[in-house]
Structures are given as structure tokens and as C-alpha cells.
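The structure appears below as C-alpha cells.
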Amino acid sequence: MQKTIFTLLIFTTLFSTLLAQPKKREMRAVWIATVANIDWPSQRNLTPKAQREEMRKILDELAKNNINAIVLQIRPTADAFYTSTLEPWSHWLTGKQGVRPAEFYDPLQFVIEEAHKRCIEVHVWLNPYRVTNSDNLDILSKNHLYYKNKELFLKYGGKYYFDPGLDETREFLNRVVEDVVERYDIDAVHFDDYFYPYRVKNEEFPDDKSFKNNPRGFAPNQKDDWRRNNVNLVIAELQHTIKSIKPWVEFGVSPFGVWRNDSVDPRGSATRAGVQNYDDLYADILKWLKEGTIDYVVPQLYWEIGKKVADYEILVKWWSENSFGKNLYIGLYASQLGEAKAPAAWRKGNELARQLNMNKQYSQVDGAVFFSAKGFMQNKQGLNDSLQNNYYKYPALCPVNRNIVGEPSAQPQNIRILKDGDNAYLLWDNVEEEGGCKIAYYVVYAFKGKKVGNLDDPAAIVARTTENCLDLRELEKRFKGNYTFVVTALNRYKHESIPTYGVTRKL
């Protein structure tokens, strides 16, 4: 009996230790929503200079929290937060659709440059079918595709959408994504939960004509299957489009948090959600994961632990068991923290802290994506403090994507310390990559003493930089004594190079 108790205590201690160890590889991303000016820009009438200042503040705040990726909404309503010949400038950016920024600049290019300088990935977030958030067509630019080919669009629930049943819709969406991937140095393409629109009571989505004209072999009583096939086709096509241009660019989807309830499908979760991806949004996420037509999934688990109809604990476990080996990041609801109308769990203590602790129990969970940046800028419920002092105390590299065959990164060479009077710099030769897969950044480790320590310990990471030089004066403020430095390179496939040999200096 004593032996059994002793063994159990050892196992419990080891398990607790593993949970407490910080991860060197972990997705820590934040959605930056542009629709309705949720996050950025805060108003439609801001000058380009003010817009840039706001974005820098957002990125600086996220960097303080060791966030390593942003998911930036660049196509909220069939419009653009970047220079495009296919779609008009967004009215959420300039106040009027089709009007480019005064004192012209390209917002997406600006954000990419600023984020990458901070070693933060940029995942571009597009909404595939949504055209308007109301029935007001006056907001559309006269150059919008709607006025060139109205046959591509449908009105449903007082809003306008591309018709998902048309080949032309898929072709156009592929052209939009192709254009962005070709011209911008992005890290991923990202779709959220808006595929077919959420159901409107007593109103059927008006696609009878499209189904009749192009059933693709589906019988009249198989319209739901046909709708799912419409989405399946565009997902598979987009994966091919992206990888044919830049094979390292990921394709991710952030679905509504419930695939199906187990009351309608034994494979579903033990939930009773009023909306289901498969049945209502016609998004068969499990098929995409199983077939590898998406590279990562971010289920939006915006409910508290213990919620009756959709318990966070049940859902994080279910997605962990149904991710088919693909990268799994959990969508967390930072904007809900402390809200007066939110359930009690979100007002008492930090529900996200409880959820982050729970995520540690599942090795399949590769990180989290927070909605949205506003929660960080307002430090809701002390979110920033919790992350900086606990969960994200140390930097983390984004996870390697298991669905992408990546190339190893080349190794930095000739690491050395250059002294210039009282100044000292850690230098290494720039790594030159072939085939368009550039170095994302360098990782600098520092170990106490004269030996190289554990490179899997993120506490040893003292800098991530796009430069091939580190000013050691900055480190002298934090460290004293002899330290051994090691440098690695991280390429766009997120593969880290073989570490260089260390050099030692007294700080």
C-alpha cells in the first residue's frame, strides 16, 4: 500500500512538473479586428499617421506580453486593407469605400514590416462570402464587383453575400487570396467562422437557383450536402493556391466552437449548442482536418468552464481528440473579461487564466488565439499581468506546422563578440536562404557560466531579432557574471537551425 502511494506521489509530482514547465514552442496570437472598427483603426476618420501610431502601440503592447503572432482582418466585407485591383479600399479604413488613404500608404505592408521587426507573425484574416453588414448598398463603391456582376450575390437576413454555390465565387476568392500571397510577405491565410451565414429565423438561404443550375450530381433532397461541398471545394482549392505560390504560408480556419452535438452525431461533443458547424454553417471542419486541406484549426471556445450547453472543459478535450494531428490552437474570448452583462465566471477572477491552466492538460493543444486586441489594450481583468508574470513570462517560438513539409534553416556562422571601447556587440554572419524561404529572425540564448545549457528552455532566450547583431549593453542591465551565448536562425517554415558554438563574455 505504501509503495502504491509513493508511486502515485512520484507520478503526480512529475505530471505537475511537466505542466509547470514553460513551452519553447507555443502559438500566442491575437485577432486584430477591423470590421466596425473593433480594434483598428479605432475610428474611420483617423489620419494615416494616427492609424500607424495606433498600430505601433498595439504591436508594442502585444510584444510586451510575448505574443508571437497577430491575425489581422484585411478583408472584412469584400473590401481591402491593402492595395488591390480586385476590391475597393475598406470604408472601415478611410470612411468611404473605394477611397484610398490620404497621405497614401499600404496598411497591410506597414503592419507586416512593423510586426516582423518585433518577430511577430502576420496571419491575414479574410471573410470569404460576406459583402455587407446591412442592406444598405449605398456604402458600396461604384467600382465594387457587385455593380459589375450582380448575379454573383444573394441577399439574406438583411445582408449581402457572395453565392457560395457558384463556380465564379470560388474562382474570384482564389484570385483574391492568390493576389495577397504573391505580393505580401505574410505567414498565414486565416478564415474565421463565417462560411454560410448563421441561420436567420423563418428565412431560408436563397440558393435554389444555383442548386438547380449546378447540382454537381447531388439529388434534390441533398441540398445540405451540396452546400457543404461548395465550402469543401473552396477550402481545398485555396490550400492548393497558397502552397503553389509559397509552400511555407499556412492556411488556418477558426470555426464556431461546436462541430456537432452528440445528440445528432455520436462523433460530436457532449454539448447542446444551438448552432453547429456541420449543420448550420455547412463547414465540415473534421473533413478538412482529416484530409489536410487546412493546416491549423482554432475553435472559438468562447464559453466558460461549466457552461451547461457548451462546457469549455468538454470542448477543449473534444477538439484535442479530433484534430487529426493538425496544429490545434484554442480561440479564447479576452473581450468578455469583466463585462457587466457577461456570466459570473467572466466577472469574478480571470476565466482565461483558468482556461489556460486547463489547456496545459492536453498535449495536443499547441497554443491560443485571443479575441481581441482590445482586451490587451484595456488590460481586462489584469490579463497582461497574468501573461507577463506567469503564462507568457518567457518568449516562445511559433510551433512548426505538422501539415507542412518544411526545409531546415541554415546555420548562422562566425559568432563573435566585438568590443568598441566600453561597448560590446554580439555579431554573426547573415544567413542567406535559397528558394524564397527567407530567415524570419534569429534567436539568441544566454547561459550562466561557460557552458551551453538546455536550448529547450525558453528562459534562456534573451532576444529574437531580425538583425545579425545584439547590443550587449542591454543585457548588462539584466545579467551579471559570465554568460555563454548561442545563436540560431529560424526560417519561414519555423524550423530552427543547428545552434552555433557559444562564445562567453562577462556581463
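I'm trying to understand the selection: among the residues of the range 315-335, which are in contact with a strand residue (DSSP E or B) (Cβ under 8 Å, 6 or more places away or on another chain) and surrounded by fewer than 18 Cβ atoms within 10 Å (Cβ to Cβ)?
The initial filter retains those residues of the range 315-335 that are in contact with a strand residue (DSSP E or B) (Cβ under 8 Å, 6 or more places away or on another chain), namely 315-316, 318-320, 323, 326-335.
The one that is in contact with a strand residue (DSSP E or B) (Cβ under 8 Å, 6 or more places away or on another chain) and surrounded by fewer than 18 Cβ atoms within 10 Å (Cβ to Cβ): S320.
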- Query: Tell me, which residue of the range 468-492 that is part of a loop (DSSP other than H, G, I, E, B) and either among the aromatic types (F, W, Y) or more than 12 Å from P412 (Cβ to Cβ) (or both) is nearest to the chain's Cα centre (by Cα)?
  - Reply: R492
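Among G306, G338, which is the only one that is in a loop (DSSP other than H, G, I, E, B), surrounded by fewer than 17 Cβ atoms within 10 Å (Cβ to Cβ) and at positive phi? Before you say what the answer is, go through the steps one by one.
Values: G338 fails: surrounded by fewer than 17 Cβ atoms within 10 Å (Cβ to Cβ).
Matching residue, one of G306, G338: G306.
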- Note on the structure: Matching residues in the range 98-154 (in contact with an Asp or Glu (Cβ under 9 Å, 6 or more places away or on another chain), buried (at least 16 other Cβ atoms within 10 Å of the Cβ), within 30 Å of V444 (Cβ to Cβ) and of a type outside the set (D, E, K, R)) number 7
- Would you be able to say whether some residue in the range 263-270 is crowded, with 23+ Cβ neighbours inside 10 Å, over 20 Å from the mean Cα position of the chain (by Cα) and farther than 20 Å from F172 by Cα? yes
- Message: Scan the range 106-122 and tell me whether some residue there is assigned to a loop (DSSP other than H, G, I, E, B), under 30 Å from T465 (Cβ atoms) and among the acidic types (D, E).
- Response: yes
- Query: Are any residues in the range 431-446 modelled with pLDDT of 95 or more and either touching a Lys or Arg at 6+ places or on another chain (Cβ under 8 Å) or on the phi > 0 side of the Ramachandran plot (or both), and if so, which ones?
  - Reply: A440, Y441, Y442, V443, V444
- Return yes when L426 is surrounded by 14 or more Cβ atoms within 10 Å (Cβ to Cβ) and either assigned by TED's automatic domain parsing to the domain that holds P41 or in contact with a Leu (Cβ under 7 Å, 6 or more places away or on another chain) (or both) and no when it is not. yes
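Say we look at the range 155-183 and pick out the residues that are assigned to a strand (DSSP E or B) and either aliphatic (A, V, I, L, M) or within 25 Å of the chain's Cα centre (by Cα) (or both); which of these is surrounded by the fewest Cβ atoms within 10 Å (Cβ to Cβ)? Let's see the steps before the verdict.
Start the filter on the range 155-183 by keeping residues that are assigned to a strand (DSSP E or B), which leaves 155-156, 159-162.
From what's left, either aliphatic (A, V, I, L, M) or within 25 Å of the chain's Cα centre (by Cα) (or both): 161-162.
Details: Y161: 25, F162: 22.
Only one residue fits best here, namely F162.
Looking at the structure I just gave you, is G331 out of contact with any Lys or Arg (no Cβ under 6 Å at 6 or more places or on another chain) and either closer than 30 Å to D284 by Cβ or assigned to a helix (DSSP H, G or I) (or both)?
Details: out of contact with any Lys or Arg (no Cβ under 6 Å at 6 or more places or on another chain): yes; either closer than 30 Å to D284 by Cβ or assigned to a helix (DSSP H, G or I) (or both): yes.
When the stated conditions are applied, G331 passes them.
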- Query: Quick one: which of K307, K374 is over 30 Å from E54 (Cβ atoms) and modelled with pLDDT of 95 or more?
  - Reply: K307
- Message: Any residue that is farther than 12 Å from I120 by Cβ, of a type in the set (D, E) and part of a helix (DSSP H, G or I) - is there at least one of those in the range 50-63?
- Response: yes
- Query: G274 is checked against (1) small (G, A, S); (2) outside any helix (DSSP H, G or I); (3) touching a Leu at 6+ places or on another chain (Cβ under 9 Å) and fails just one. What number does that condition carry?
  - Reply: (3)
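The values are calculated or read from the model by the stated rules, or taken from the named source; none is laboratory data. Small disclaimer: the values here were computed from a predicted structure and weren't measured. Counting neighbours? That spans all protein chains shown, and the Cβs are built from the backbone with ideal geometry, glycine included.
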